[in-house]
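The values are calculated or read from the model by the stated rules, or taken from the named source; none is laboratory data. Owing to the predicted nature of the structure, the values given are computational and were not obtained by experimental measurement. Cβ sites come from the backbone with ideal geometry, for glycine too, and all protein chains shown count toward neighbours. The area values use the complete protein model at the heavy-atom level, side chains included, leaving out ligands, DNA and RNA. Shrake-Rupley method; radii C 1.70, N 1.55, O 1.52, S 1.80 Å.
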Amino acid sequence: VIDTLAGVPIATFHDATGAAQFATLFDFVPGRMLDETNAEAAFVDLGETAARLHGFNETWRRPPGFVRPHWDIETAMGRQGRWGYWGDNATVGAAERDLLERVDAKIRAEIGAYGRPPARHGLIHGDMRMANFIVDPGGIQLIDFDDCGISWHLYELACALTFVEHAPETPALVA
C-alpha cells in the first residue's frame, strides 16, 4: 500500500450523495500470474497460501470496528446473494430449477452439519484463484482482497476451482 500525500494508507472521498468512498493505491507487484498450464503445481501453492492464512486466523482477534462481508449461504447463493439469486434468473428452466433446488438443499444441509468452528470458518481471501497469485523468483504474492470476508475455509477451494471445475484433473487439484 502506498500512503496518500497526507501520510495515510486509505483516502476517503464523498460521492454526490455524501456517502463515503474509500481508495487505496498499491505498488506494482512484479512477476506473472499463475495459470492453468501447470495447474497441479499452482494448486499446491494455492493450498499452502490458504493454510497460512487460515492458520493466522486461529489466533488473530478482529480489531474493534473491523467489518468485512460474510460469505454465508444466503449471501453467496441465497436470496441475499451479493451477485443475485440464482432463482431469479429468467433463463433457469423447470428442469434446471428442480436440479438447483435439490443442490441448494443439499449444500444447506451439509454446510449446516459442517458447522463454523474456528478451524473451519473465519477470515478468508474470498477470491483465491490462480489469476490472483503473482509469482516471481522471490515467491508468491496474493493480490485482489476486495472479496476478503468471513466464511468457511472451503470457500477458498470453491473460488480456486472457478473456471477449471470441469477439467479432468479437478480431483487431483482438490487433493
Subset of the range 57-75 (residues that are at pLDDT below 90 and either at positive phi or charged (D, E, K, R) (or both)): E58, R61, R62, G65
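Looking at E40, E74, which is the one that is open to solvent by 80 Å² or more (accessible area, probe 1.4 Å) and under 21 Å from the mean Cα position of the chain (by Cα)?
Of the residues listed, the single one that is open to solvent by 80 Å² or more (accessible area, probe 1.4 Å) and under 21 Å from the mean Cα position of the chain (by Cα) is E40.
Which residues, counting only those in the range 84-94, are assigned to a helix (DSSP H, G or I) and either in contact (Cβ under 8 Å) with a residue 40 or more places away in the chain or open to solvent by 80 Å² or more (accessible area, probe 1.4 Å) (or both)?
D88, A94, listed by residue number.
Residue-by-condition table, conditions (1) open to solvent by less than 50 Å² (accessible area, probe 1.4 Å); (2) over 19 Å from L157 (Cα atoms); (3) not polar (S, T, N, Q):
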| residue | (1), (2), (3) |
| --- | --- |
| T24 | no, yes, no |
| R32 | no, yes, yes |
| L53 | yes, no, yes |
| T59 | no, yes, no |
Can you work out which of the residues in the range 107-124 that are open to solvent by less than 60 Å² (accessible area, probe 1.4 Å) and aliphatic (A, V, I, L, M) is farthest from V174 (Cα to Cα)? L123
Quick check on the range 16-30. Is at least one of its residues under 18 Å from the mean Cα position of the chain (by Cα) and not polar (S, T, N, Q)? no
Among the candidates D127, D104, single out the residue that is surrounded by fewer than 18 Cβ atoms within 10 Å (Cβ to Cβ), of a type in the set (D, E) and not in a strand (DSSP E or B). D104
Any idea which of (1) modelled with pLDDT of 95 or more; (2) among the aliphatic types (A, V, I, L, M); (3) open to solvent by less than 70 Å² (accessible area, probe 1.4 Å) is the one L99 doesn't satisfy? (3)
Please tell me if G81 is out of contact with any helix residue (DSSP H, G or I) (no Cβ under 7 Å at 6 or more places or on another chain) and either open to solvent by less than 80 Å² (accessible area, probe 1.4 Å) or hydrophobic (A, V, I, L, M, F, W, C) (or both). no
Any residue in the range 135-144 that is open to solvent by less than 20 Å² (accessible area, probe 1.4 Å) and either part of a strand (DSSP E or B) or modelled with pLDDT of 95 or more (or both)? no
